[in-house]
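Participant: Following this message is one structure expressed as structure tokens.
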Amino acid sequence: MEVLFLATLVVLMAAALGSGYPVAFALPGSAIITILLAAATGYVLEGNTDAYFAIGGPTQWLSAGVTNLRGVYWEPERDTLIAIPLFIFMGIMLQRSKIAEDLLVTMAQLFGPVPGGLGISVVVVGALLAATTGIVGATVVAMGLISLPAMMRRGYSNPLATGTIAASGTLGQIIPPSIVLIILADQLASAVDQADTARKVLYREATGEISMPSEYGVVSTSAGDMFLGALVPGLLLVGLYILFILGFALLRPRLAPPVPYEGAYDFKFAGKVALTLIPPLALIFLVLGSIIGGVATVNQAGAIGACGALIMAGYRLHKGGLFTFVPAIIGLISVAVIAYAVANFDTNVKNIDTPEDVQGITIAVAGVAGLLFALLWSGWRTYVTDNTLVEVMIDTAKTTALVFIILLGAAMLTAAFRAFGGEEIVKHFLEGLPGGFWTKFIIVMLVIFVLGFFLDFIEIAVVVVPIVAPILLADPGANVTAVWLGVMIGLNIQTSFLTPPFGFALFYLRGVAPAAVRTIQMYKGVIAFIALQLTALTIVGFNPQLVNYLPARSSLLAETAPPPLNPRLQYCMEEFVHEEFRDNGDAIRAAIAEARQIDLSTVPEDLREDFAEGLDAAEQAFDRMTEMRDVQVRLAEGANAYRPQHLIVRALQRDARQLQAQIDDLQLTINRAQGNQGVISAAETERDALIEERDTLLAQVPETWTEVEADYVAITREDRQARNAYRRMVDQAYRPVRTLREELDSAADLAALQESLTGMIAEVRDLDDAAAGAVFARVADQAALIPDGRAIEAPLRRGAEALTAEAPQRSAAISQIREAFAGLREIGWRVQAQEAIGAQIVAYDAAISDTIGLRQQDRLPREQALYVAACSADHRDISLNF
């Protein structure tokens, strides 16, 4: 019966959407009606409202839907809630201020003489508008009104012209900032948690171990990662569009002729191009550059974009005159002043300590005041010019409300889908397919592509993704990242704007196209661009580095980069060190040999012994690396025999688990039947048949499986032990070097402290007790910053206490200075050692820090970070560990 109500839910939703009923009400309405219908049927036929729910009952699932609704409303830190209206405002403001129109006209003049130049200009402008507006409807309408008549007048074929405009207008769905990417990031965040839990269960069932290594976990994503991941695929799509139009124009020049520019390419024209292009490009740089550089979050970048769009609209809508660009100039100067203050001063008002800090805060406040003045002036201009600001705010509110109402409705629908076991049905169907992850992935992509013929991108993102994403992400066979999956789905969803009969880009263009353009010509025109989108989807699918590299690079180079000890980084770091040992091993060994010749007589015995042991460990690190690589070779060879049986046995075990779940459900029905012999008999018959089927499946496990699995697990254990041995060895090799460097680096501070101590006796002689106590405390603070400085700090603290007591004891305080000098002599070896061997220790550290000492660094150096980013950008199959 659960399947019947699941089908009812899907039919109700499809009928409501097909009839044109508002999506915002069709999604939650279908869910509520189906849940209430199932509850009523269960009450009438079984006397139990929970009878026809897979798990729980109507109250649980209705409340789950409400909880999801409240989650969207009451979690203000979610990127979706804050970033979406900001980017929508930015897009509508730029479209209403006719900046899109300026771009189209100027680009047409610039590219016109090139074969297919008008079409290429439309693509370029579509990409620029995608990176600034991201609003498909506004972009398609603007380009349709301006470019389509010009292309038709110049002899462009109607299918090519309309296909180019419609496809270019959809670039805003994949080129960041994109509303689709933000919604997908929001949906994938919860999907990652579910997938990680499912993978841990799978690991425990396969290996029997309680905890799964964190390096096998599913990596989460964010809107910022999605933006970075989609950047290269978006540009790839732009390149494919341009190549297609150029090739078409060269093959059939009559249908896409060049259009010579009637004016002159002089300085005036260059100035016009610069004035048209530089502001949007600067805005793109500020929005995306702030995210890529880790300066701003996606929410903050959205605010930057909204402010930039307001200032640009302020001078574009102005009637002209002497003060046209004054607000924009004030804004630019203010931003420069703020950047200078942040770069050269500590602008945290809580840390004001010196006159220099006050100066920095003053400069920053002046910059902020100037920027606010520029924004208010620009905002006033947009307000008084054709009521633009009010209309933009209203359209922003409408669009934002539409997005969130659909999100809320989808939350209810997802809860109902799970209530009737839909998620489990989909999971069992996908997992039962032969071919592993890629079969499941292709099926999901095909379903999304077909749904794009009928549904909007938001509906697909919020209904389909929460159901299928956890299943795909949990599969260790491909071990794909969430950002890659999100970008692939985003590229696929983009086709929904072009696919007839309900492609929204076609609707928008049909609304502004002249009657001479037939609808069938528009449909013919988008076919080639749909094929190009699918081509881009295929290219990105086979090259995950196009998506994963930029987010990984940004993460590893950011101020908040994970430390090199992070388990997820170890595999790629060890690949880097292996290559360095292979290419530069002789130089590293020579550095170790030279370090043995360093005269450590000025260093305490315990540090000498640790350093010598570290040198021995550094030499052994090469052997440990060799052992680790040998085990890796055997592991790869063992996988050849293990993989075929692993695929067969894990599939049999998976099917057996599904049967066991049905058996458990039937047993529960039998236990609850309460003497109803008919129900018990039918359930027992079905249970026994399933038990027999389960046993038959398990009997198909090859006889050699236990031996093959044991052999591979043994090699896997050796691999883990070899890696751990290598990691312990390099840590042991580098720690003494780091410790000794820290000790020697404190020599300068130690010398300064010695001067302070020397001058203390004369300084405190002429001061009263309270002032003298302050001197003691100041020098004690100075000693506290030095390694092993406790022997100096402690007596100085006691001296300060003696001077500030109710009965000050100056003689006792002076005696504490002598004790401090005694402590200074104990650690004074650092000054002598720094002069004698400091340069040699630094040279040795530099020779091994990026290989043997890599794990002990505070963060990955740039070269290593770029290598690890490139290495981790590829998907690594970890299925044999499950």
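Participant: Cβ neighbours within 10 Å, averaged per peptide: list 481-492, 441-452 in order, most packed at the top.
Facilitator: On the way: 481-492: 26.4, 441-452: 17.6.
Going from most to least packed, we get 481-492, 441-452.
Participant: Which trypsin sites (Lys or Arg not before Pro) does the stretch 494-577 hold that lie in a coil by DSSP with at most 16 other beta carbons within 10 Å? Provide the component values of the computation, followed by the final result.
Facilitator: Working: sites: Arg510, Arg518, Lys524, Arg553, Arg568; in loops: Arg518.
The qualifying sites are Arg518.
Participant: Using only the Cα atoms, what convex hull volume per residue in Å³ does the stretch 181-257 have?
Facilitator: On the way: hull volume 11.0 nm³, N = 77.
Hull volume over Cα atoms, normalised by residue count, gives 143 Å³.
Participant: Check each of the GluC sites (Glu not before Pro) in the stretch 695-741 and keep only those in coil by DSSP with at most 13 other C-beta atoms within 10 angstrom; list them in order.
Facilitator: Values: sites: Glu703, Glu707, Glu709, Glu718; in loops: Glu703.
Those satisfying the criteria are Glu703.
Participant: Go through Val868, Val326, Val365 and list them by solvent-accessible area, largest first, probe radius 1.4 Å. It would help to have the intermediate numbers written out before the result.
Facilitator: Values: Val868 5, Val326 40, Val365 85 Å².
Descending order: Val365, Val326, Val868.
Participant: Let me ask another. What list of ³J(HN,Hα) couplings, whole Hz, do you get for the stretch 215-227 from phi and the Karplus terms 6.51, -1.76, 1.60, once you set θ to phi - 60° and write x for glycine and proline?
Facilitator: 5, 8, x, 7, 7, 7, 9, 9, 4, x, 5, 5, 4
Participant: Ok, one more. Express in nm, to one decimal, how much length is gained between Lys98 and Asp606 on full extension, taking 0.36 nm for each residue of separation and deducting their alpha carbon distance. Can you show the working numbers first?
Facilitator: Working: separation 508, 0.36 × 508 = 182.88 nm, distance 7.41 nm.
Roughly 175.5 nm would be gained on extension.
Participant: If you stretched the chain out fully between Tyr265 and Ala15, how much longer would it get, using 0.36 nm times the residue separation minus the C-alpha to C-alpha distance?
Facilitator: Details: separation 250, 0.36 × 250 = 90.00 nm, distance 5.74 nm.
Contour length minus the Cα-Cα distance gives 84.3 nm.
Participant: To the nearest 500 deg cm²/dmol, what mean residue ellipticity at 222 nm is calculated for the chain from DSSP H runs of n ≥ 4 alone, each contributing -39,500 (n - 2.57), summed and divided by the residues? Walk me through the intermediate numbers first.
Facilitator: Working: 33 runs with 678 residues, N = 882.
It comes out at -26500 deg cm²/dmol, rounded to the nearest 500.
Participant: If you don't mind, there's one more thing I want to ask. Give me the net charge for the shell around Arg727: Cβ to Cβ below 10 angstrom, other residues only, Lys and Arg +1, Asp and Glu -1. Let's see the in-between values first.
Facilitator: Details: positive: Arg624, Arg723, Arg728, Arg855; negative: Glu574, Asp731.
It works out to a net charge of +2.
Participant: Continuing with this model, one more query. Go through Trp438, Trp829, Trp380 and list them by solvent-accessible area, largest first, probe radius 1.4 Å. Provide the component values of the computation, followed by the final result.
Facilitator: On the way: Trp438 115, Trp829 40, Trp380 150 Å².
Output order, biggest surface exposure first: Trp380, Trp438, Trp829.
Participant: Starting from one equal scatterer on each C-alpha and no solvent at all, send me the Debye-based log10 I(q)/I(0) for the stretch 443-538 at q = 0.12, 0.16, 0.20, 0.24 Å⁻¹, two decimals.
Facilitator: -0.43, -0.69, -0.96, -1.23
Participant: Another question, if that's okay. What is the Cα radius of gyration of the stretch 705-846 over 2.2 N^0.38 Å, N being its residue count?
Facilitator: Values: Rg = 24.9 Å, N = 142, 2.2 N^0.38 = 14.5 Å.
So the stretch 705-846 has a normalised radius of gyration of 1.72.
Participant: Taking the Cα centre of the stretch 688-810 as the origin, how large is its charge dipole in debye, to the nearest 20, when only Lys and Arg (+1) and Asp and Glu (-1) carry charge on their Cβ atoms? Before the final figure, lay out each step's value.
Facilitator: On the way: 15 positive and 25 negative charges, 171 e Å.
Dipole magnitude for the stretch 688-810 comes out near 820 debye.
Participant: Right, another one. Convert each backbone phi in the stretch 655-671 into a coupling constant with the Karplus relation 6.51 cos²θ - 1.76 cosθ + 1.60 (shift: θ = phi - 60°), then list the ³J(HN,Hα) values in order as whole Hz, x for Gly and Pro.
Facilitator: For the stretch 655-671, the Karplus-derived couplings read 5, 5, 5, 5, 5, 4, 5, 5, 4, 5, 5, 5, 4, 5, 4, 4, 5 Hz, x marking Gly and Pro.
Participant: Further, regarding this structure: Put +1 on the Cβ of each Lys and Arg and -1 on the Cβ of each Asp and Glu in the chain; which of Gly799, Gly47, Phe417 then has its Cα farthest toward the positive end of the dipole?
Facilitator: So the residue furthest toward the plus end is Phe417.
Participant: Answer with one residue from Val10, Gln856, Gln700: the one whose Cα lies farthest towards the positive end of the charge dipole of the chain, charges on Cβ with Lys, Arg +1 and Asp, Glu -1.
Facilitator: Toward the positive end, the furthest listed residue is Val10.
Participant: Quick one: putting +1 on the C-beta of Lys and Arg, -1 on the C-beta of Asp and Glu, what dipole do you get for the chain around its Cα centre, in Debye to the nearest 20? It would help to have the intermediate numbers written out before the result.
Facilitator: Numbers: 61 positive and 89 negative charges, 881 e Å.
In total the dipole reaches around 4240 debye.
Participant: Restricted to Cα positions, what overall size does the stretch 298-355 have along the principal axes? Three whole-Å values, descending.
Facilitator: 48, 29, 15
Participant: Which value, in nm² and rounded to one decimal, describes the direction-averaged projected area of the C-alpha convex hull of the stretch 468-521?
Facilitator: Details: hull surface 20.2 nm².
Dividing the Cα hull surface by four gives the mean projection, 5.1 nm².
Participant: Additional query: Mind checking Rg over Rh on the chain, alpha carbons, Kirkwood formula for Rh? Provide the component values of the computation, followed by the final result.
Facilitator: Numbers: Rg = 34.3 Å, Rh = 32.7 Å.
Using only Cα positions, Rg/Rh for the chain is 1.05.
Participant: A follow-up question, please. For the stretch 806-882, what is the largest minus smallest coordinate of the Cα atoms on each principal axis, given in angstrom and ordered from greatest to least?
Facilitator: Projected onto its principal axes, the Cα set of the stretch 806-882 covers 74, 39, 22 Å.
Participant: In the structure shown, do any of Lys98/Lys272; Lys272/Lys319; Lys440/Lys524; Lys200/Lys440 have a Cα-Cα gap over 25 Å, and if so which? List each step's numbers first, then the result.
Facilitator: On the way: Lys98/Lys272 15 Å; Lys272/Lys319 17 Å; Lys440/Lys524 31 Å; Lys200/Lys440 20 Å.
Too far apart for the 25 Å limit: Lys440/Lys524.
Participant: Quick one: net charge around Asn479, please, counting Lys, Arg +1 and Asp, Glu -1 for every other residue with C-beta under 11 Å from its C-beta.
Facilitator: Values: positive: Arg199, Arg876; negative: Glu215, Asp475, Asp874, Asp877.
Every neighbour counted, the sum reads -2.
Participant: With the convex hull built on the Cα atoms of the stretch 118-207, state its orientation-averaged projected area in nm². Walk me through the intermediate numbers first.
Facilitator: Numbers: hull surface 31.6 nm².
Result: 7.9 nm².
Participant: Leaving ligands, DNA and RNA out of it, rank Arg582, Arg654 by accessible area with a 1.4 Å probe, largest first.
Facilitator: Numbers: Arg582 150, Arg654 55 Å².
The ordering from most to least exposed comes out as Arg582, Arg654.
Participant: Provide the per-residue ³J(HN,Hα) series for the stretch 487-497, in order, calculated from phi with Karplus coefficients 6.51, -1.76, 1.60 and θ = phi - 60°, each as a whole number of Hz, with x at glycine and proline positions.
Facilitator: 5, 4, 5, x, 4, 5, 4, 4, 5, 5, 6
Participant: Just to verify a number: what accessible area does Arg96 come out at with the full protein assembly present, 1.4 Å probe, Å² rounded to tens?
Facilitator: 80 Å²
Participant: Restricting attention to the stretch 723-824, which GluC sites (Glu not before Pro) occupy a DSSP loop and are surrounded by at most 13 other Cβ atoms within 10 Å?
Facilitator: On the way: sites: Glu742, Glu743, Glu755, Glu763, Glu793, Glu801, Glu806, Glu819; in loops: Glu806.
Within the stretch 723-824, the qualifying GluC sites (Glu not before Pro) (loop, at most 13 other Cβ atoms within 10 Å) are Glu806.
The values are calculated or read from the model by the stated rules, or taken from the named source; none is laboratory data. Remember, predicted model here, so these are calculated numbers, not experimental data. So basically every Cβ, Gly included, is an ideal-geometry build from the backbone, and we count neighbours across all protein chains shown. Note: areas computed on protein heavy atoms with side chains; ligands, DNA, RNA excluded. Shrake-Rupley method; radii C 1.70, N 1.55, O 1.52, S 1.80 Å.
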